[in-house]
1. Calculate how many DSSP beta bridges within the chain are antiparallel, expressed in % of all such bridges and rounded to the nearest 5.
2. For the chain, with a Gaussian network of springs between Cα atoms less than 10 Å apart, report the residue from K99, K49, K107 with the top mean-square fluctuation.
3. Give, rounded to the nearest 20 debye, the magnitude of the charge dipole that the chain has about its Cα centre when Lys and Arg contribute +1 at Cβ and Asp and Glu contribute -1 at Cβ.
4. Starting with the fewest neighbours, write out D93, D26 ranked by other beta-carbon atoms found within 10 Å of each beta-carbon.
5. For the chain, what relative contact order do you get, as a whole percent, if you take Cα pairs closer than 8 Å and at least 6 residues apart?
6. Using only helices, what value at 222 nm comes out for the chain when you add -39,500 (n - 2.57) per DSSP H run of length 4 or more and divide by the total residues, to the nearest 500 deg cm²/dmol?
7. How many angstrom lie between the Cα centre of segment 6-40 and the Cα centre of segment 79-117?
8. Starting from the 7 Å offset along Cα-to-Cβ, what nm value, one decimal, do you get for the label separation of V46 and R87?
Amino acid sequence: MEAASKGAFEAGGLTVGILPGSSPQDANQYVTIPILTCMSYARNIVVVKTGRVVIAVGGAFGTLSEIAHALGDGIPTIGLGTWELSREGIETDGIVRVKSPKEAVDKAIEIAHNSRS
C-alpha cells in the first residue's frame with residue numbers, strides 16, 4: 001500500500017488510506033487523507049466498495065479477502081503477482097493479469113472510464 005500511495009502522491013495525486021485501526025499515525029507518510037475504520041480486516045469490504053476497480057498486488061489473506069469481495073460484487077479486479085483462484089483444478093478467478101505496476105494502473109483507468117454510467 002505504501003508503494004501505491006507513494007507513486008500516486010509523487011505524481012501529484014490525492015491519496016486516501018482506509019486504515020484498519022484508530023490512529024492516523026498508522027498511515028504511511030504518503031497518505032493525504034487517512035480514514036480510520038477501527039475495523040481490522042472487516043475494512044476490506046470498505047476498501048473494495050470504495051473503488052470502481054480493484055488492483056491486487058501480491059498479498060496475503062487480507063488481499064485474498066479483497067479479491068473475493070470484488071469478484072463477488074462484480075467489481076473488475078486486476079492482479080499483479082497475486083493469488084490465482086481455481087475450483088477443482090479449473091481456473092475460475094476472473095482476475096485480469098498484468099505484468100507491471102504501470103500496466104495495472106493503465107488498465108484500471110481504462111476499465112473505470114469504460115464502466116462509467
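1. Around 15 percent antiparallel, to the nearest 5.
2. Per the Cα network of the chain with a 10 Å cutoff, K99 tops the list.
3. 240 debye
4. Fewest to most other Cβ atoms nearby, the residues stand as D26, D93.
5. Relative CO of the chain lands at 17 percent.
6. Taken over the chain, the calculation gives -11000 deg cm²/dmol.
7. Answer, in whole Å: 23.
8. For the pair V46/R87, the computed spacing is 3.1 nm.
Every number in this text was worked out from the coordinates using simple rules, so none of it is lab data. Because the structure is a prediction, the values reported are computed rather than measured. All Cβ positions, glycine included, derive from the backbone under ideal geometry; neighbour counts span all protein chains shown.
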